[in-house]
Amino acid sequence: MNPFIIIININMRKQIAAANWKMNLTAEQGQALLSAILSEASLNGPQQEVIFAVPFPYLEMAQRQIREKKGFLVAAQNCSSKKSGAYTGEVSAEMLQSIGVPYCVIGHSERREYFLETGAVLAEKVNICLQHHLLPLFCCGESLSIREKGTQNVFVQTQLEESLFHLDEAQVKKVVLAYEPVWAIGTGKTASTEQAQEMHAFIRSVIARQYGQTVADEITILYGGSVKGANAAELFASPDVDGGLVGGASLLASDFIQIIKALKQ
Ligand code: PGA
């Protein structure tokens, strides 16, 4: 490396390690996992955050456990697109706001696939989150068949257009994006660093075209899909990868601690 080139990190957008527990762990197991992570993990700068997307019944417990740790926050994994009323089994954005939840995952590929959530419904969810001061952690990403056809860029762009592009500039700046290629989720098949960087740069260019470069530069874009302790540092080193949304490896304290340590400073 040329010793006269000094790399200055002027990128102050948030760097985030987000755990997605999905439908795993009992309350006791969740509590033990959080304790193990909290006793070892610390942040390396004010722009770093750690988010735990835990099942609804554990949100308050998790919030109590992380209360003392600055930059450690909880997220709901989903919320209803409806405001309130006769929707048995649903949880509203207003309820989440009323217990102080700061983030909500929207549009995870498992919700799109198993619960048939469409781009239009996800747009409603994003709106209702923002109305209730919940920051949407919005997921996008293509399936294997789309990647094989080579049409992943237009597919992901459409997902963004359908669910986010009605927002104004101030609103879209509140959204955290997560690019999660479906073929890499839970499969052990991580996207290569080049594939991740290429798509993240593309997503940023799409945001720039719609909202301008300054907004695009401020938006955090996480990578998700088989992120592990062993590959996080390499993935996060890419200029447009601002951390990860982590499923399987977030259930293992040692892996998730390593992932937190891999965030850019
Ligand atoms: P994974 O899941 O890390 O187990 O691949 C990621 C996600 O679904 O958010």
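Here is how the numbers come out for the structure above:
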{"read-out": "Failed criterion for Gln210 (all others in (1) polar (S, T, N, Q); (2) farther than 19 Å from Tyr103 by Cβ; (3) within 11 Å of the ligand (Cβ to nearest atom) hold)", "value": "(3)"}
{"read-out": "Condition broken by Gly247, with the remaining ones in (1) within 16 Å of the ligand (Cβ to nearest atom); (2) touching a Leu at 6+ places or on another chain (Cβ under 7 Å); (3) not hydroxyl-bearing (Ser, Thr, Tyr) satisfied", "value": "(2)"}
{"read-out": "Members of segment 93-125 found to be in a loop (DSSP other than H, G, I, E, B), without any contact (Cβ under 8 Å) to a residue 40 or more places away in the chain and under 20 Å from Phe52 (Cα atoms), listed by number", "value": "Gly100, Pro102"}
{"read-out": "Residue match in segment 77-100 (condition: touching a Pro at 6+ places or on another chain (Cβ under 6 Å) and at pLDDT 95 or above)", "value": "no"}
{"read-out": "Single condition Glu110 does not satisfy, out of (1) of a type in the set (D, E, K, R); (2) over 18 Å from the mean Cα position of the chain (by Cα); (3) within 15 Å of the ligand (Cβ to nearest atom)", "value": "(2)"}
{"read-out": "Residue within segment 143-155 that is part of a helix (DSSP H, G or I), touching a residue at least 40 places away in the same chain (Cβ under 8 Å) and basic (Lys, Arg) present", "value": "no"}
{"read-out": "Answer residue from segment 213-229, given it is touching an Asp or Glu at 6+ places or on another chain (Cβ under 8 Å) and either closer than 30 Å to Asp168 by Cα or among the aliphatic types (A, V, I, L, M) (or both) and is farthest from the ligand (Cβ to nearest atom) among those", "value": "Val215"}
{"read-out": "Complete set of residues in segment 182-198 that are free of Cβ contacts under 8 Å to residues at least 60 places away in the same chain, surrounded by 15 or more Cβ atoms within 10 Å (Cβ to Cβ) and within 15 Å of the ligand (Cβ to nearest atom)", "value": "Trp183, Ala184, Thr190, Ala191, Gln195, Ala196"}
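The values are calculated or read from the model by the stated rules, or taken from the named source; none is laboratory data. As the structure is a prediction and not an experimental result, all values here were calculated from the model. When we count neighbours, we look across all protein chains shown, and the Cβ atoms used for this are built from the backbone with ideal geometry, even at glycine.
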